[in-house]
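Peer 1: Before I ask anything, let me first share the structure, which is written out below as C-alpha cells.
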Amino acid sequence: MRESTVERITKETQIQGSLRIEGAGAYDVSTGIRFLDHMLELFSKHGGFDLTLKATGDLEVDQHHTVEDCGIVLGQLFSKALRDRRGINRAGYFVQTMDETLAVAALDLGGRPTLVYDQQVNVVHVGELQTELLHDFFEGFANHAGANVHVKVLYGRSNHHKIEAIFKCFARALRYACSTDERLKDQLPSTKGLL
Ligand SMILES: [Mn+2]
C-alpha cells in the first residue's frame, strides 16, 4: 500500500494530511474555504485516492497562504507515498469535459518541477475562493511532488465548470501517472537511472 502522512506547521498555516494512492476515493477535507474543499473532494473521488486534509490558516489575512500550502502538502503526500517511484507509469494525461467546458491536464512525475497553468477564469472569486490562487496551489504541488504539470482550459463558459474540469482531469492524469505497470515493477522509469 502506498500511503503517506504529512504534518506541516508554520506561523501562517497548520495542515495535517494523509493519502492512500490505491484508495477508493474516500475523503475528509476541510480547509476553511468551502469551494476548495469541493475541488479536493472531486480530486479524491476522480483519482481514486483516499485523502484527508485538515487545514487551519490565516484566512483573516487572505486565502493565499492556505491555498498555496494545501498544494504544497498535497505534493509532499504524493512524493512521500511514491517512495523511489520504481515501476510507476510516471507520465499521464487526461482530457475532461464538464458540460460546455473542455480541459486538459498532462503531467510527468519525473522529479523536475514545472507548472504551466491556464485556467481561462475571468472572475475574481468562485464561491468564496480567490481564483488566481489556484496557480499557487498547483505550483506548490508541482514543486513538492517533483512534477511537471501542464493544465489548460481549452474553452468553456462557467467559471465553476472550468475549475471543476481542471481538478477532474488533473486527478485522472495523476492516477495514471502513479499507477504501476507489472512488467516494469523493478525499474525506475528513466534512462538516467535516477528520478
Ligand atoms: Mn461543482
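Peer 1: Out of residues 5 or more away from His125 or on other chains, whose amide H comes under 5 Å of its own, with H placed 1.01 Å from N in the peptide plane?
Peer 2: Distant-sequence amide H within range of His125: Thr131.
Peer 1: Would you please classify the overall shape of segment 73-195 from the alpha carbon gyration tensor, given that a ≥ b ≥ c denote the square roots of the eigenvalues, rounded means a/c under 1.5, and beyond that prolate means a/b larger than b/c while oblate covers the rest? Could the numbers behind the result be given before it?
Peer 2: Working: a/c = 2.76, a/b = 1.92, b/c = 1.43.
Since a/c reaches 1.5 and a/b is larger than b/c, the shape of segment 73-195 is classed as prolate.
Peer 1: Normalising by the residue count of segment 3-180, find the relative contact order in percent from Cα pairs under 8 Å and 6+ residues apart.
Peer 2: So the answer I get is 27 percent.
Peer 1: As a footprinting exposure proxy, order Thr97, Thr31 by other Cβ within 10 Å, with the fewest listed first.
Peer 2: Details: Thr97 13, Thr31 24.
Lowest to highest Cβ neighbour count: Thr97, Thr31.
Peer 1: Set the bar at 25 Å for Cα to Cα. Now go through Lys45/Lys192; Lys11/Lys54; Lys45/Lys162; Lys54/Lys168 and name every pair that lies beyond it. Let's see the in-between values first.
Peer 2: Details: Lys45/Lys192 34 Å; Lys11/Lys54 16 Å; Lys45/Lys162 18 Å; Lys54/Lys168 21 Å.
Flagged as over cut-off: Lys45/Lys192.
Peer 1: Provide the per-residue ³J(HN,Hα) series for segment 129-134, in order, calculated from phi with Karplus coefficients 6.51, -1.76, 1.60 and θ = phi - 60°, each as a whole number of Hz, with x at glycine and proline positions.
Peer 2: Per-residue couplings from phi come out as 6, 6, 5, 5, 6, 5 Hz.
Peer 1: Which value at 222 nm does the chain reach when only helices count, each DSSP H run of 4 or more adding -39,500 (n - 2.57), with the total divided by all residues and rounded to the nearest 500 deg cm²/dmol? Numbers along the way, then the final one.
Peer 2: Values: 4 runs with 65 residues, N = 195.
Calculated from helices alone, the mean residue ellipticity at 222 nm is -11000 deg cm²/dmol.
Peer 1: Separation between the Glu128 and Arg157 pseudo-spin-labels, each 7 Å from Cα along Cα→Cβ, expressed in nm?
Peer 2: Placing both labels 7 Å along Cα→Cβ, they lie 2.9 nm apart.
Peer 1: When a footprinting reagent is the concern and you count Cβ atoms within 10 Å, what order do Met1, Met39, Met98 take, fewest first? Present the calculation step by step, with values, prior to reporting the outcome.
Peer 2: On the way: Met1 7, Met39 25, Met98 20.
Ranking Met1, Met39, Met98 by Cβ neighbours within 10 Å, fewest first, gives Met1, Met98, Met39.
Peer 1: Quick one: Cα centre-to-centre distance for segment 5-55 and segment 83-126, in angstrom?
Peer 2: 17
Peer 1: Fewest Cβ neighbours within 10 Å first, please rank Lys11, Lys80 accordingly. Show your work: numbers first, answer last.
Peer 2: Working: Lys11 7, Lys80 17.
Starting with the residue having the fewest Cβ neighbours, the order is Lys11, Lys80.
Peer 1: Give the long-range amide H neighbours of Asp28: residues separated by 5 or more places, or on another chain, with amide H under 5 Å away, using H modelled in the peptide plane at 1.01 Å from N.
Peer 2: Those qualifying (amide H under 5 Å, at least 5 residues apart or on another chain) are Leu51, Thr52, Leu53.
Peer 1: Within segment 1-28, what residues put their amide N at less than 12 Å from the label point 7 Å along the Cα-to-Cβ vector of Lys185?
Peer 2: Output list for this probe position: 1.
Every number here is computed from the coordinates shown, using simple stated rules; none is lab data. Worth saying up front: this structure is predicted, and the values here are computed from it rather than measured. All Cβ positions, glycine included, derive from the backbone under ideal geometry; neighbour counts span all protein chains shown.
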